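Structure, as structure tokens:
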Amino acid sequence: KNQVEQSPQSLIILEGKNCTLQCNYTVSPFSNLRWYKQDTGRGPVSLTIMTFSENTKSNGRYTATLDADTKQSSLHITASQLSDSASYICVVSAYDSGGYQKVTFGTGTKLQVIP
Amino acid sequence: DTAVSQTPKYLVTQMGNDKSIKCEQNLGHDTMYWYKQDSKKFLKIMFSYNNKELIINETVPNRFSPKSPDKAHLNLHINSLELGDSAVYFCASSPWAGDYEQYFGPGTRLTVT
């Protein structure tokens with residue numbers, strides 16, 4: 001069964017500090033992995049997307065890594081800002097027999113950045 | 001110029017009623033999706049349409065019926081609403097049902113009383 005697990009469930013950090021969020025998955029056959037940011041009351045917004053051959057991808061202060069061998073990904077946030085407070089969701093896609101992608105969402109990590 | 005829009009944003013209704021949620025995307029994408037986000041914030045795919053054709057239909061009660069009049073619209077009709085249907089429903093679209101990111105709408109918070 002395809003699963004995506006994220007840790008920690010929640011995290012509180014001081015403004016300006018760095019943090020790293022983890023994602024472990026058992027999705028197969030792997031297609032790609034995305035990190036989304038979801039602000040309260042809003043839809044998720046894509047931060048990064050990585051395919052099997054990519055092991056790091058940056059988007060401003062966000063850097064995602066992927067280890068396809070161990071089926072792990074991390075999202076590193078540098079110099080956190082108050083606006084980084086949100087839920088961060090790891091999403092892993094696999095192709096089904098019809099060639100379409102099936103996505104599995106993680107349960108998310110709720111990050112709170114405090115002044 | 002909202003990319004993916006949903007109406008209504010909030011919907012409060014009683015058990016047993018029938019309601020619809022509308023979704024429109026102006027991105028020219030071929031694929032649209034409906035997701036349900038429960039109280040634990042877990043997003044689960046319900047349906048996916050590619051060029052008006054149903055391609056993903058997860059184990060969703062048949063009280064839920066998606067309708068795609070054209071590839072820019074994917075509406076969700078729910079019959080005989082139940083308390084457990086209370087959730088936030090997100091519509092999303094992607095260029096194609098392949099390795100492309102999905103663009104999400106703002107969500108519709110459905111409360112069944």
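Going through (1) within 29 Å of B:V4 (Cα to Cα); (2) at pLDDT below 95; (3) open to solvent by 60 Å² or more (accessible area, probe 1.4 Å); (4) of a type in the set (S, T, Y) one by one, A:T48 falls short only on (3).
In region A:5-63, counting only strands (runs of 3 or more DSSP E) that sit wholly within it, the ones holding 1 or more residues that are in contact with a Pro (Cβ under 9 Å, 6 or more places away or on another chain) span A:10-14, A:19-25, A:30-38. So, A:N55, is that one more than 10 Å from the chain's Cα centre (by Cα) and open to solvent by 70 Å² or more (accessible area, probe 1.4 Å) or not? The answer is yes for A:N55. Residue check: A:I77 meets all listed conditions (1) away from every other protein chain (no Cβ under 12 Å); (2) surrounded by 14 or more Cβ atoms within 10 Å (Cβ to Cβ); (3) on the phi > 0 side of the Ramachandran plot but one, namely (3).
Filter region B:17-63 down to the residues that are part of a strand (DSSP E or B) and among the acidic types (D, E), then identify the one that is modelled with the lowest pLDDT.
For region B:17-63, the residue satisfying everything is B:E53.
Across region A:80-115, what is the total count of residues that are charged (D, E, K, R) and open to solvent by 60 Å² or more (accessible area, probe 1.4 Å)? Count: 2. In this structure, A:L111 does not qualify as closer than 28 Å to B:S39 by Cα, in a strand (DSSP E or B), free of Cβ contacts under 8 Å to residues at least 60 places away in the same chain and more than 8 Å from every other protein chain (Cβ to nearest Cβ). Checked against the criteria, B:K22 does not count as of a type in the set (D, E, K, R) and either closer than 19 Å to A:V45 by Cα or open to solvent by less than 80 Å² (accessible area, probe 1.4 Å) (or both).
The numbered conditions (1) open to solvent by 60 Å² or more (accessible area, probe 1.4 Å); (2) over 30 Å from B:T2 (Cβ atoms); (3) among the polar types (S, T, N, Q) are all true for A:S7 except (1).
Of the residues screened, B:Y10 is one that is surrounded by fewer than 17 Cβ atoms within 10 Å (Cβ to Cβ), among the hydroxyl-bearing types (S, T, Y) and at pLDDT 95 or above.
Scanning region B:64-110 for residues that are among the polar types (S, T, N, Q), closer than 17 Å to B:K36 by Cβ, more than 14 Å from chain A (Cβ to nearest Cβ) and not in a loop (DSSP other than H, G, I, E, B) gives B:S65, B:N75.
The residues on offer are A:R61, A:R42, and the sole one that is without any contact (Cβ under 8 Å) to a residue 40 or more places away in the chain, over 24 Å from B:G105 (Cα atoms) and surrounded by 12 or more Cβ atoms within 10 Å (Cβ to Cβ) is A:R61.
The values are calculated or read from the model by the stated rules, or taken from the named source; none is laboratory data. All figures in this text were calculated on a predicted structure; none of them were measured in a lab. We place every Cβ from the backbone using ideal geometry, glycine too, and count neighbours over all the protein chains shown. The accessibility values were calculated without ligands, DNA or RNA, using every heavy atom of the protein model including side chains. Shrake-Rupley method; radii C 1.70, N 1.55, O 1.52, S 1.80 Å.
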